[in-house]
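Below: the structure, in structure tokens.
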Amino acid sequence: VMKGYLGGRTLLIKCVALVLSVASGLSVGLEAAYVHIACCVANVCARYFSKYATSEVKKRELLSGAAAAGISVAFGAPVGGVLFSLEMLSSYFPPKTIWRSFYCAIVAAITLRGIDPLHSGKLVAFEITYHYAFGWFELPCFIMLGAVGGLVG
């Protein structure tokens, strides 16, 4: 971990800057800020536990869970948070880390649902509601599209 990038000073400055920029109406992307703040909190907390402070592998595992929680809070998608952390954070991602990251992301989403900062019952501000359900005749097309995407990609 780069020195000073995930420290307490960075956490404080990032939180204050994020609050001021959102309050002033600036169009900023909150997603990356949530991930950075979550990783800063995890890194600062890791310093107080010898299990994480001395082992770089354990610290990276903790940061993976924090990044998954940050994405989960930003988009309301715990699975998306785990996939993000799997893709972006680690070159080696053991199954126990996947489950721990998933647990962190679910707890973050449930906590966000409980706090309900928007007072709307939604997890995020840009939640989409569908007025029409898909027809059953469309299901074979969806299956074929998924199969072709899986084979090609």
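Could you figure out which of (1) open to solvent by 70 Å² or more (accessible area, probe 1.4 Å); (2) modelled with pLDDT of 85 or more isn't true of ILE128?
With respect to (1) open to solvent by 70 Å² or more (accessible area, probe 1.4 Å); (2) modelled with pLDDT of 85 or more, ILE128 is out only on (2).
Among the candidates ALA109, ALA125, which residue alone is part of a helix (DSSP H, G or I) and either within 16 Å of TYR34 (Cβ to Cβ) or of a type in the set (Ser, Thr, Tyr) (or both)?
ALA109
Output the number of the condition that LEU151 fails; it satisfies all remaining conditions of (1) assigned to a helix (DSSP H, G or I); (2) open to solvent by less than 90 Å² (accessible area, probe 1.4 Å).
(2)
Okay, residues lined up against (1) surrounded by 14 or more Cβ atoms within 10 Å (Cβ to Cβ); (2) touching a Cys at 6+ places or on another chain (Cβ under 7 Å):
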| position | (1), (2) |
| --- | --- |
| ASN43 | yes, no |
| SER50 | no, no |
| ALA69 | yes, yes |
| VAL73 | yes, no |
| GLY80 | yes, no |
| SER90 | yes, no |
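Looking at the structure I just gave you, is ALA109 closer than 20 Å to PHE126 by Cβ and out of contact with any helix residue (DSSP H, G or I) (no Cβ under 9 Å at 6 or more places or on another chain)?
Against the criterion (closer than 20 Å to PHE126 by Cβ and out of contact with any helix residue (DSSP H, G or I) (no Cβ under 9 Å at 6 or more places or on another chain)), ALA109 does not qualify.
Give, as residue ranges, the helices (runs of 4 or more DSSP H) completely inside the range 1-56 that count at least 1 residues that are within 14 Å of ALA69 (Cβ to Cβ) and not aliphatic (A, V, I, L, M).
In the range 1-56, the matching helices (runs of 4 or more DSSP H) lie at 30-46.
With respect to ALA67, is the statement that it is modelled with pLDDT under 90, of a type outside the set (Asp, Glu) and touching a helix residue (DSSP H, G or I) at 6+ places or on another chain (Cβ under 6 Å) true?
Spelling it out, it is not the case that ALA67 is modelled with pLDDT under 90, of a type outside the set (Asp, Glu) and touching a helix residue (DSSP H, G or I) at 6+ places or on another chain (Cβ under 6 Å).
For the range 52-61, indicate whether the set of residues that are free of Cβ contacts under 8 Å to residues at least 12 places away in the same chain, among the hydrophobic types (A, V, I, L, M, F, W, C) and over 19 Å from THR111 (Cα atoms) is non-empty.
yes
To keep it simple, each residue is scored yes or no on (1) farther than 15 Å from ALA32 by Cα; (2) among the hydrophobic types (A, V, I, L, M, F, W, C); (3) out of contact with any strand residue (DSSP E or B) (no Cβ under 9 Å at 6 or more places or on another chain).
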{"residue": "PHE75", "(1), (2), (3)": "no, yes, yes"}
{"residue": "PHE93", "(1), (2), (3)": "yes, yes, yes"}
{"residue": "LYS96", "(1), (2), (3)": "yes, no, yes"}
{"residue": "TRP99", "(1), (2), (3)": "yes, yes, yes"}
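Tell me the residue from SER64, SER24 that is crowded, with 18+ Cβ neighbours inside 10 Å and hydroxyl-bearing (Ser, Thr, Tyr), please.
SER64
The values are calculated or read from the model by the stated rules, or taken from the named source; none is laboratory data. Treat the numbers as computed from the prediction; the structure is a model and nothing was measured. Note that each Cβ is placed from the backbone with ideal geometry, even for glycine, and that neighbours are counted across all protein chains shown. Calculation scope for accessible area: heavy atoms of the full protein, side chains included, ligands and nucleic acids excluded. Shrake-Rupley method; radii C 1.70, N 1.55, O 1.52, S 1.80 Å.
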